[in-house]
Amino acid sequence: MEYEEAKRLAAAGSDAQRRALAARNDLRPEILYFLAEDKSADVRRAIAGNETTPRQADLLLARDTDIGVRELLAVKIARLAPQLSQEARTQIRDLTIEVLETLARDQALKVRRIVAEALKDLTDAPAHLIQELARDLEIKVAGPVLQYSPILTDDDLMEIISSGPIRGALTAIAKRRRIGDRLADAIVAAAVEVPDETDTITDLLNNKSAQIREETLDLILDKAPAVEEWQEPLVRRPLLPMNAVKRLAEFVSSSLFDLLTARPDLDKSTAKAVAKAVKKRLAAEAKQKDAGDSQATPPVGDEEAMSAAIAGGKRDQVMAALGRDAGLNPVIVKKIMSSMSAKAVTALAWKSKLTMRQALQLQLKIAGIPPHQALNPRGGTDYPLTTAEMEWQLELFVG
């Protein structure tokens, strides 16, 4: 098209003529820039999607009042982002980065999300933009960058974690391709005690590239008896410490026994310990099944019978046994078990000479305490409260 004709249409053409003109790829830059300020949003949208539009006009459009204009511009700039580092013209490269900066701060979620998706896995994306997007208050923007960006270092991610990230940020970080032990420590420390972050630990355990230290794994194992969705990822976790395997054998569901015993990395000692634990668990489950609807109170000192009664939710029989073994009035036992106090129920279990693992199940199965509020064994087997603390808890109810 001749320059004078294009100039005439841009200034005085109909809406349809100007829109068609804005979509052409053979116009002089000044014509396209002129159309970037057209009164019609449809014309400006055509300019935003036109790859021959000069970058100065794109910068103008990045601040357009019409969201459709900004969305189309974001899509176009996203296509150009991978070639950004190859752009030899410094002015064009700098202007493109400025357009990206403006769009990355756009009030519209969709616009920012387009930018985040475009930059998330680029090794040469502007670092300051990645840092900004990773801290966006919308997970649909921050999530892709947190999960995929190679520009974010472990120190960057740990700083984000320590700042109290938005919901979903920890899960995104837990899915990264390579996670060192320091970053894994930070993820677990931030998520293991938070009920809404259960999925984060699940994703971390399923992430075969994540390096999780034994001490950090112990923190997860302390909570795992009450969080069923962690158990299979733990059983399938490669290169588990043998102590972790032994602990898993004590609480994983029977459906996971075969997976656990079939691990190729078990040494003879651990395999024997696992087999013993599995046999003990199966015997307890068989006893529970045989008991059926029996109303009998578990005998004194019969750990398997007590575990079976707790697992079977036999509240009356369990409470009768607790009162007998702790030497407490049934009314006191009922008050403790109805208190929703994890510490009080744990103290009652201790007084009744239950193991801490039984105490955990007592909290969950009989007292109805939510998993995230339950007290977990210290080191996998020990009571987490001191003797003085547990005696004091009981005194609150005994008077």
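Of all residues in region 329-372, which are in contact with a Leu (Cβ under 7 Å, 6 or more places away or on another chain), among the hydroxyl-bearing types (Ser, Thr, Tyr) and modelled with pLDDT under 95?
Ser352
Those residues that are surrounded by fewer than 23 Cβ atoms within 10 Å (Cβ to Cβ) and assigned to a helix (DSSP H, G or I), I need them from region 119-128; list them, please.
Passing the criteria: Ala127, His128.
So which of Ile130, Ile97 ends up being on the phi < 0 side of the Ramachandran plot and at pLDDT below 95?
Ile97
Return the pairs, sorted by first residue and then second, in which the second residue is in a helix (DSSP H, G or I) and of a type in the set (Phe, Trp, Tyr), the first residue lies in region 56-69 and is touching a residue at least 12 places away in the same chain (Cβ under 8 Å) and closer than 15 Å to Glu30 by Cβ, the beta carbons are less than 9 Å apart, and the residues are 6+ apart or on different chains.
Matching pairs, first to second residue: Gln56/Tyr33; Ala57/Tyr33; Ala57/Phe34; Leu60/Tyr33.
Identify all residues within region 356-392 that are part of a loop (DSSP other than H, G, I, E, B) and surrounded by fewer than 19 Cβ atoms within 10 Å (Cβ to Cβ); write none if there are none.
Matches in region 356-392: Gly368, Pro370, Gly379, Thr381, Pro384, Thr386.
Only residues in region 122-143 that are in contact (Cβ under 8 Å) with a residue 40 or more places away in the chain count as the first member; pair them with residues that are of a type in the set (Ser, Thr, Tyr), Cβ under 7 angstrom, at least 6 apart or cross-chain, and list the lot.
Asp124/Ser85
Could you list, in sequence order, all residues of region 146-160 that are in a helix (DSSP H, G or I) and either at pLDDT below 95 or in contact with an Asp or Glu (Cβ under 8 Å, 6 or more places away or on another chain) (or both)?
The answer is Tyr148, and nothing else.
Residues in region 327-342 that are free of Cβ contacts under 8 Å to residues at least 60 places away in the same chain and surrounded by 19 or more Cβ atoms within 10 Å (Cβ to Cβ): how many?
4
Could you list all residues from region 167-192 that are more than 24 Å from Pro238 (Cα to Cα) and either touching a residue at least 60 places away in the same chain (Cβ under 8 Å) or surrounded by fewer than 17 Cβ atoms within 10 Å (Cβ to Cβ) (or both)?
Arg167
Count, please, the residues in region 317-355 that happen to be part of a helix (DSSP H, G or I), of a type outside the set (Lys, Arg), under 21 Å from Thr387 (Cα atoms) and under 37 Å from the mean Cα position of the chain (by Cα).
So the answer is 10.
Quick one: in region 24-77, of everything that is part of a helix (DSSP H, G or I) and among the acidic types (Asp, Glu), which residue is farthest from Ile97 (Cα to Cα)?
Within region 24-77, the match that is farthest from Ile97 (Cα to Cα) is Asp42.
The values are calculated or read from the model by the stated rules, or taken from the named source; none is laboratory data. Model, not experiment: these values are computed from the prediction. Glycine also receives a Cβ, built like all others from the backbone with ideal geometry; neighbour counts cover every protein chain displayed.
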